[in-house]
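One structure below.
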Amino acid sequence: MLRVSETIVIDPSEIEEAFVRASGPGGQNVNKVSSAVQLRFDVGRSPSLPEPVRARLLRLAGKRMTAAGVLVITANRFRSQLQNRADARARLLNLLRAALAEPRPRRATAPSRAQRERRRDAKRRRSALKTLRRPLEPE
């Protein structure tokens with residue numbers, strides 16, 4: 001069981017792991033051992049996720065999400081399959097916890113009178129500077 005929060009628990013049967021050969025350094029070992037982990041989690045069909053969390057997760061996942069709504073996390077940071085497996089699960093957990101947080105609604109604000117005045121003063125100074133750069137007009 002992957003405990004995301006008090007109310008959300010992901011069943012291990014919802015997570016699919018495939019072990020593939022990792023690229024990068026490792027000598028001959030890299031050609032023989034499948035140490036990289038490809039974790040797949042079907043966000044669209046998961047009964048564990050409430051709808052608002054699912055929508056935020058789809059937005060947060062970005063290019064890690066397939067067209068079919070499956071989240072794919074590839075972990076190959078370590079040479080050990082066990083460490084990569086733990087890394088992939090930790091990254092899934094972090095992503096799910098980030099999707100749990102509801103974004104605060106934006107409150108519309110307007111610039112203060114002092115801010116507007118400072119902006120106008122800066123524009124006047126800039127305009128005066130540019131005026132000084134202009135060539136003198138012949139009479």
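The values are calculated or read from the model by the stated rules, or taken from the named source; none is laboratory data. Since the model is a prediction, treat every value here as computed from it, not as a measurement. Using ideal geometry, Cβ is built from the backbone for each residue, glycine included, and neighbour counts are taken over all protein chains shown.
Looking for whichever is touching a Phe, Trp or Tyr at 6+ places or on another chain (Cβ under 7 Å), among the polar types (S, T, N, Q) and either assigned to a loop (DSSP other than H, G, I, E, B) or surrounded by 14 or more Cβ atoms within 10 Å (Cβ to Cβ) (or both) here; the options are S34, S46, S23. Which one fits? It would help to see each step written out before you state the result.
Working: S46 fails: touching a Phe, Trp or Tyr at 6+ places or on another chain (Cβ under 7 Å); S23 fails: touching a Phe, Trp or Tyr at 6+ places or on another chain (Cβ under 7 Å).
Exactly one of S34, S46, S23 is touching a Phe, Trp or Tyr at 6+ places or on another chain (Cβ under 7 Å), among the polar types (S, T, N, Q) and either assigned to a loop (DSSP other than H, G, I, E, B) or surrounded by 14 or more Cβ atoms within 10 Å (Cβ to Cβ) (or both), namely S34.
Counting just the residues of the range 1-19 that are of a type in the set (G, A, S) and either free of Cβ contacts under 8 Å to residues at least 60 places away in the same chain or in contact with a Gly (Cβ under 9 Å, 6 or more places away or on another chain) (or both), which one comes out nearest to I73 (Cα to Cα)? Before the answer, list the steps.
If we filter the range 1-19 for residues that are of a type in the set (G, A, S), which is where we start, we get 5, 13, 18.
Keeping just the survivors that are either free of Cβ contacts under 8 Å to residues at least 60 places away in the same chain or in contact with a Gly (Cβ under 9 Å, 6 or more places away or on another chain) (or both) gives 13, 18.
Values: S13: 16, A18: 11 Å.
Per the criteria, the residue is A18.
Of all residues in the range 75-92, those satisfying the criterion of being crowded, with 16+ Cβ neighbours inside 10 Å and under 17 Å from the mean Cα position of the chain (by Cα) are A75, D87, A88, R89, R91, L92. Among residues of the range 97-136 being of a type in the set (A, V, I, L, M, F, W, C) and not in a helix (DSSP H, G or I), the one that is nearest to R56 (Cα to Cα) is A101. When the test is whether a residue is modelled with pLDDT of 95 or more, out of contact with any Lys or Arg (no Cβ under 9 Å at 6 or more places or on another chain), surrounded by fewer than 10 Cβ atoms within 10 Å (Cβ to Cβ) and farther than 27 Å from S35 by Cβ, A128 passes it.
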